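The values are calculated or read from the model by the stated rules, or taken from the named source; none is laboratory data. Being a predicted model, the structure only gives us computed values, none of them experimental. Heads up, the Cβs are rebuilt from the backbone with ideal geometry, glycines too, and the neighbour counts pull from every protein chain shown. With ligands, DNA and RNA removed, areas are computed over all heavy atoms of the protein, side chains included. Shrake-Rupley method; radii C 1.70, N 1.55, O 1.52, S 1.80 Å.
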Amino acid sequence: MEALRGKKILVGITGGIAVYKAASLVRRLTHDYACDVQVVMTEHALEFMTPLTFETFTDKPVLTSMWASGGKVSTRHIDLVAAADMLLIVPATANIVGKTASGIGDDLLSTMILAADPEKCFFALAMNTRMYENPFFQQNRKALLDEGYGIIEPEDGPLASRTEGEGKGRLADEKTILSEINDYFSFRGMLKGKKVLISGGPTREYLDDIRFISNPSTGKMGIALARAAAMAGADVTLVLGPGSAETEGPYTKIRVNSADEMAHELLSRYENKHIVIMAAAVEDIRPEKLEGKVKKQAIPPHITLSATTDILREMGKRKTDQILVGFSVELQDEEAASLRKLKNKNLDFIVINNPLHKGAAFGHDTNACIVLGKDGLRIEIPLMSKRKLAEKILSLIAG
């Protein structure tokens, strides 16, 4: 947690039952990590807890109003966020998320959020499961992610309502929140000024106008890489195959279907990029396409297949100063086969996935991998969330 130590953090506290957990978090920030913490409480937060506890931990008066007397008040909401390294809202209710997504600033905390750079604002969500799942809240949550705000997702577990058992909405564990903000400080600016091109998801190669050949990729790894690269300060373009994965994040998003479409979008943008990561599971085989929908009784006894464009090989041929990273899905002799790809396709790094490993590769929110480098690097990364894995991969690439 060394990246967190000594940072200047604004902690915004809103009106939710999880306010009591924020007190312990503030104590950890000030006592364990020597952070300079200023607490801001909303009117509703004051209904759950008095400021005294937070003032004791921070040795500073808690700010509660735009109109408090004494000192410079008129631009306080601007000055405080400009001087802070982070604005952490914990607990972050559906109300404060909705205000931010709608551009509403009607109290001190909401005006501070509007005055802050999105990338240094983190919302640690906490609310009832039904509120979290509400489609209007989800729209607001997505709007914040798309603009670059940080979201610390709630956990599954018992909620204050008790009658509803367990469900997603419980404030993330204190260790999780501390880890998230430490990662932010470790990672921030690492790729500033870099142009990054990432592919993700499957492609579909159509047999007729309805049926297609594809694979189980969902695009989650590519999306995680795009979000992480954007958080690290890069200008990111994500070319994503078809699928249901949400492409939330502050980066350019391009949806494609076929391998040819993906090849066109990637190769047309390849030349001026600093880092290119091919995380997509591009389908290698293409059937000869038939028109319309082939009737059951007219299904041909044989299908003529051909190879699709090897996008990564083509990138390797055109490579100049780019850092080129490939992904390899292998079921046996994975390292030997991937090392051959690394050399034959002129890659700088290759990330090896084996979908037979529990919780890894296609469709999961977690992954494990082995990263090989052209200079002999070999790093084995154990099973973890794809978001964390994306940060580790980018840290290796950035050197």
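Determine the sum of side-chain charges near residue 121: Lys and Arg each +1, Asp and Glu each -1, restricted to other residues whose C-beta is under 12 angstrom from that of residue 121.
Details: positive: 120; negative: 85, 117, 119, 147.
The answer is -3.
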On the accessible surface of the chain, probed at 1.4 Å with all protein chains in place, carbon and sulfur together account for a percent value of 51
Calculating Rg/Rh (Cα atoms, Kirkwood Rh) from this structure picks out, from [x] 1.04; [y] 1.11; [z] 1.18, entry [x]
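Could you please report the charge total around residue 291, scoring K, R as +1 and D, E as -1 over all other residues with beta-carbon less than 10 angstrom from its beta-carbon?
Numbers: positive: 289, 293; negative: 208, 209.
Around residue 291, the surrounding residues sum to 0.
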When every protein chain stays in place and a 1.4 Å probe is rolled, 384, 315, 190 sorted by accessible area with the largest first are 190, 384, 315
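Which peptide among 283-289, 97-103 comes first, and what is the full order, when sorted by highest mean count of other Cβ atoms within 10 Å? Write down the numbers at each step before the final one.
Details: 283-289: 15.4, 97-103: 17.9.
By packing density, highest mean first, the sequence is 97-103, 283-289.
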Note on the stretch 270-399, DSSP bridge orientation, antiparallel percent to nearest 5 equals 60
With every protein chain kept in place and a 1.4 Å probe, the residues 31, 274 fall, from largest accessible area down, as 31, 274
Here the gain from full extension of residue 211 to residue 168, 0.36 nm per residue of separation minus their alpha-carbon distance, amounts to 11.8 nm
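Restricting to the stretch 229-338, compute how many DSSP beta bridges are antiparallel as a %, nearest 5. Don't jump to the answer; show the numbers that get you there.
Values: 3 of 11 bridges.
Percentage antiparallel, nearest 5: 25.
DSSP beta bridges in the chain, what fraction antiparallel, as a percent rounded to 5?
Numbers: 19 of 61 bridges.
Here the antiparallel bridges make up roughly 30 percent for the chain.
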Rounded to 0.05, the calculated FRET efficiency for the beta carbons of residue 295 and residue 264 at R₀ = 22 Å is 0.10
Mean Cβ-within-10 Å packing, highest first, puts peptides 220-226, 361-367 in the order 220-226, 361-367
Mean-square fluctuation maximum in Gaussian network of the chain, Cα pairs under 10 Å, restricted to 235, 36, 209, hits 209
Pseudo-spin-label distance residue 79 to residue 31, built 7 Å along Cα→Cβ, given in nm, is 3.1
Over 19 Å (Cα to Cα) among 273/319; 142/192; 60/175; 273/341; 319/374; 220/386 -> 142/192; 60/175; 273/341
The simple spin-label model distance between residue 138 and residue 17, using points 7 Å out along Cα→Cβ, in nm, is 2.4
With -39,500 (n - 2.57) per DSSP H segment of 4 or more residues and division by the full residue count of the chain, the 222 nm estimate, nearest 500 deg cm²/dmol, is -9000 deg cm²/dmol
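Using a 1.4 Å probe, what is the accessible area per residue for the stretch 80-132, in Å²? Don't skip to the answer; put the middle values down first.
Values: 1670 Å² over 53 residues.
Ligands and nucleic acids excluded, the figure is 31 Å² per residue.
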With every protein chain kept in place and a 1.4 Å probe, the stretch 157-299 has an accessible area per residue in Å² of 46
